[in-house]
Amino acid sequence: MSCCAPGAELAAELGGAPSREEVLLSSRELGGGLMQTDLAVPNMHCGACIRAVEGGLARLPGVEQARVNLSTRRVAVKWRAGTVPPLIETLATLGCPAHLFDTEADKGDPELSRLIRALAVAGFAAMNIMLLSVSVWSGADAETRQAFHWISAALALPALLYSGRIFFRSAWRALRHGRTNMDVPISIGICLAFGLSLYDTVHNGEHAYFDAATTLIFFLLIGRTLDHVMREKARAAVRGLVRLSPRGATVLRGDGGRDYLPVKEIAPDMRILLAAGERVPVDAVVAEGRSEIDCAIATGESVPRHVAPGSALQAGTTNLSGPLVVIATARAEESFLAEMVRLMEAAEGGRARYRRLADRAAQLYSPVVHAAAFLTFLGWMAATGDWHRAIGVAIAVLIITCPCALGLAVPIVQVVAARRLFESGIMVKDGSGLERLAEADMAAFDKTGTLTLGRPRLAGQEGLDPDALALAAALAAHSRHPLSRALAAAGANGRAVPHLSDISEHPGLGLEAKAGRDVYRLGRAGWALDMGGEEGGTVLSRNGQLLAAFTFEDTLRPEAAEAVSALRGRGLRIAILSGDQAETVAAAAGKVGIEDHAGGLLPAQKVARLEALAGEGRKVLMVGDGLNDAPALAAAHVSMAPATAADIGRNAADFVFLHESLSAVPLAVAVAREAGRLVRQNFALAILYNAIALPVAIAGYVTPLVAAIAMSLSSVIVVANALRLRQGRAPKPHRQEKPYRPAEARQTVELPG
Amino acid sequence: MSSLVFLIPLALLLGGVALGAFFWSLKSGQYDDLDGAAERILFDDEEERQDDRSRFNKND
């Protein structure tokens, strides 16, 4: 066994492993009769886990090779085409619950290796040139200096062409669209520094700025690479979460046979077999069977809905208790999910309009610097009439003000902030998200699954007969229904219970068991009390006599009320926008202390509310998890989603938090605000540096040595300032809690059957 | 001065070789799983080989 063992008890519960067909569907062919399946195994932590996982999988018949990637918490399994090995089941027994990972979603990261290669070339050139420059500065004779300049030029050229490309391309893209960004002054500075130095080298000049040009590229690329690494890490972690939308479904053919078809190929009027625990792949109508449907993720309703033949089902909801045969009424692209995607695309206006802080700074910065350089040129021309001297000084102005510090001011702070949040289980998917979060002045929460866990809990436990409760718990332990689980968890009080036998589960109704001659029933009141009606409520009965009635409430997320008051303390207005019934919303709102709440909202109405708030000038942070929240997450100024959220919601959100506690929200706001403050400080430092350097440069006192010292110093100061970020630093301000385990979090929404 | 004529090209050549080695290691995926590599170094070689052999025999 491995140190992943805490998951061992969960492994038994993980009966809901994807079917063989689903595994096959998400595998890819490697040729030569080999197939590759990628699995995400979030619980792997150490070398022992690697051994256990690789060894366990390799021992399976048909498996050729299993290779763990511990950094991404993934395992790639190569197996011989034919029978699908029981990969996920095997991992579950090893205590490392796994889930399928889309191979297409992970095509490596070409951008990262491009950045790292550019960084390596720039580093190589910068260090060698610096080495030569030191001897030039310490007073090499003219002949040696000249030789060194030529070698430097030869080294700087590839760095400029290969590593500088990254800035040139981005600058060109901005210019072509009539905008300017930070890369424009950077590119101009680098190119002019190189051009002037080359000219001087050819003409036996004394000064060359090859070192300045290459170190500039090197420093800026470090910032850029770190920024990319951090963001990619967060995105990979989000991609590795359990996929909630189904890949395919079992379709019943006319002749009684079964096909497992991908969701895309399901057409209206097909009959689909939906086992308990499976998600509805497309909008459909129930044809046979009775069950309960969990709509929490689709509409925000916390109470499961009973369905019987004729009931309509929305794509994305989960079948809880009994098998159903349903008839598809729409294609995947016309289903509920697709409608949400369309709403999202329509809503994504506000965020696209947002301009990054650095770009706004560049917009002010480049005209000032370029005008200063041009005026310097004119001034020196007028004063001396020596155009070479005038151009030299003007370019020195550009080089020394070249925004090395300014280019690092934002990314470095954001890297530090994103890293802090990552350690607290909050994934930052986009740097601009941090800037937007710092501006937020209002937070809108969804209820089901966001303020609450979407996991029912037994209410009013004190008023119940302990014996009846113990009996109900013993009976409930035999079912995976969410209410049964809540009962089983709450009722295990150690009291003696009669020996139960012949336990059976009646889908949509409840559980039945015998103890001696008595028949116990736990479930819907109408059925358990033999009244034949459709009365709701959960009761325990003996031979049709009521023993106890149970009521359930949704569990609030840990520290929900604290999080809300912490946000309020930071000056944010709080509201609830929920799709659930108004009374349930009001009850939850009362508990966490939110006055402004609205229930029964449709997805489009949530978006409309957010747009109305944006119209008032509010910058709203939307926190939501359901399919119905996805358009709102896209429409809000900035958005956050828990890891248990629907796939499209996770993709739409700027932040995803992995832990259960809602304290992630105020922590993220605190870090974002402090990051914003540090960025502004960094800008102030950069401006201060320029205010000192500019007059020196205009006066013509800048030599390559002065430039190198000044620029390096300003960069170091900016980076050091970024490291002062206090929020989120260990010891963490929020309570230490269990690491997020998808299998555990999943049991509330996806009941393995 | 005369020593510089071959020392500097030599230094650059060595640096270039290191750069090439880095590119090669990057391309061959040696930086894909840094956390995993840190753990794998502690694995017992002997056991690993036996594992490989048994796997090989099984596949035969």
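The values are calculated or read from the model by the stated rules, or taken from the named source; none is laboratory data. This is a predicted model, so every value here is computed, not measured. For neighbour counting, all protein chains shown are included, and Cβ atoms are generated from backbone atoms with ideal geometry for every residue, glycine included.
What the table below lists for this structure:
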item	result
Candidates A:Arg353, A:Arg290 - the one that is surrounded by 17 or more Cβ atoms within 10 Å (Cβ to Cβ) and among the basic types (Lys, Arg)	A:Arg290
Residue within the stretch B:40-48 that is within 11 Å of another protein chain (Cβ to nearest Cβ), part of a helix (DSSP H, G or I), modelled with pLDDT under 80 and under 19 Å from A:Gln65 (Cα atoms) present	yes
Which listed residue is within 24 Å of the chain's Cα centre (by Cα) and crowded, with 22+ Cβ neighbours inside 10 Å, from A:Val77, A:Val41, A:Val53	A:Val41
Hey, A:Leu546 in contact with a Leu (Cβ under 8 Å, 6 or more places away or on another chain) and either of a type outside the set (Lys, Arg) or not in a loop (DSSP other than H, G, I, E, B) (or both) or not	yes
Subset of the stretch A:239-261 (residues that are surrounded by 20 or more Cβ atoms within 10 Å (Cβ to Cβ) and of a type in the set (Val, Ile, Thr))	A:Val242
A:Leu483 assigned to a helix (DSSP H, G or I), among the hydrophobic types (A, V, I, L, M, F, W, C) and buried (at least 24 other Cβ atoms within 10 Å of the Cβ)	no
First in the stretch A:468-487 and farther than 16 Å from A:Gly454 by Cβ, second anywhere and in a helix (DSSP H, G or I) and hydroxyl-bearing (Ser, Thr, Tyr), Cβ under 6 Å, 6 or more apart	A:Ala476/A:Ser484
Residues located in the stretch A:123-136, provided they are more than 11 Å from chain B (Cβ to nearest Cβ), surrounded by 15 or more Cβ atoms within 10 Å (Cβ to Cβ) and out of contact with any His (no Cβ under 8 Å at 6 or more places or on another chain)	A:Ala126, A:Met130, A:Ser133
Within the stretch A:576-590, considering residues that are touching a helix residue (DSSP H, G or I) at 6+ places or on another chain (Cβ under 7 Å) and closer than 17 Å to A:Thr555 by Cβ, the one surrounded by the most Cβ atoms within 10 Å (Cβ to Cβ)	A:Ser578
Selected residue (criterion: farthest from the other protein chains (Cβ to nearest Cβ)) from residues of the stretch A:137-147 that are within 14 Å of A:Pro704 (Cα to Cα) and of a type outside the set (S, T, N, Q)	A:Trp137
Residue tally, condition at pLDDT 85 or above, out of contact with any Pro (no Cβ under 7 Å at 6 or more places or on another chain) and farther than 30 Å from A:Leu577 by Cβ, over the stretch A:275-318	2
Search result, residues across the stretch A:79-100 that are out of contact with any strand residue (DSSP E or B) (no Cβ under 7 Å at 6 or more places or on another chain), over 16 Å from A:Glu54 (Cα atoms) and of a type in the set (Gly, Ala, Ser)	A:Gly82
Residue count, the stretch A:608-661 (criterion: β-branched (Val, Ile, Thr) and more than 18 Å from the chain's Cα centre (by Cα))	1
Single residue of A:Arg650, A:Arg680 found to be assigned to a helix (DSSP H, G or I) and in contact (Cβ under 8 Å) with a residue 12 or more places away in the chain	A:Arg650
Residue that is farthest from the other protein chains (Cβ to nearest Cβ), among those in the stretch A:45-93 that are in a loop (DSSP other than H, G, I, E, B) and closer than 20 Å to B:Gln30 by Cβ	A:Arg73
Candidates A:Ser19, A:Ser71 - the one that is within 25 Å of A:Asp109 (Cα to Cα) and at pLDDT below 85	A:Ser71
Flag for A:Ser170 being within 14 Å of chain B (Cβ to nearest Cβ), modelled with pLDDT of 85 or more and over 30 Å from A:Gly32 (Cα atoms)	no
Candidate set: the stretch B:1-39, residues that are aromatic (Phe, Trp, Tyr) and under 30 Å from A:Gly55 (Cα atoms); chosen: the one nearest to the other protein chains (Cβ to nearest Cβ)	B:Tyr31
Pairs where the first residue, in the stretch A:402-426, is in a helix (DSSP H, G or I) and the second is surrounded by fewer than 24 Cβ atoms within 10 Å (Cβ to Cβ) and of a type in the set (D, E, K, R), C-beta under 6 Å, 6+ apart	A:Pro411/A:Asp227; A:Val415/A:Asp227
Odd one out for A:Arg305 among (1) within 17 Å of A:Asp625 (Cβ to Cβ); (2) without any contact (Cβ under 8 Å) to a residue 40 or more places away in the chain	(1)
Residue match in the stretch A:102-110 (condition: of a type outside the set (Ser, Thr, Tyr), surrounded by 15 or more Cβ atoms within 10 Å (Cβ to Cβ) and touching a Ser or Thr at 6+ places or on another chain (Cβ under 9 Å))	yes
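Listed here are the residues, each with its yes/no results for (1) polar (S, T, N, Q); (2) within 16 Å of A:Tyr162 (Cβ to Cβ); (3) in a helix (DSSP H, G or I).
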position: A:Asn181; (1), (2), (3): yes, no, no
position: A:Val184; (1), (2), (3): no, no, yes
position: A:Cys191; (1), (2), (3): no, yes, yes
position: A:Phe194; (1), (2), (3): no, yes, yes
position: A:Ser197; (1), (2), (3): yes, no, yes
position: A:Ala212; (1), (2), (3): no, no, yes
position: A:Thr215; (1), (2), (3): yes, yes, yes
position: A:Val229; (1), (2), (3): no, no, yes
position: A:Arg235; (1), (2), (3): no, no, yes
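Condition check ((1) at pLDDT 85 or above; (2) surrounded by 24 or more Cβ atoms within 10 Å (Cβ to Cβ); (3) closer than 30 Å to A:Thr317 by Cβ) across all residues:
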| position | (1), (2), (3) |
| --- | --- |
| A:Val592 | yes, no, yes |
| A:Ala634 | yes, yes, yes |
| A:Thr644 | no, yes, yes |
| A:Ala653 | yes, yes, yes |
| A:Ala670 | yes, no, no |
| A:Leu694 | yes, no, no |
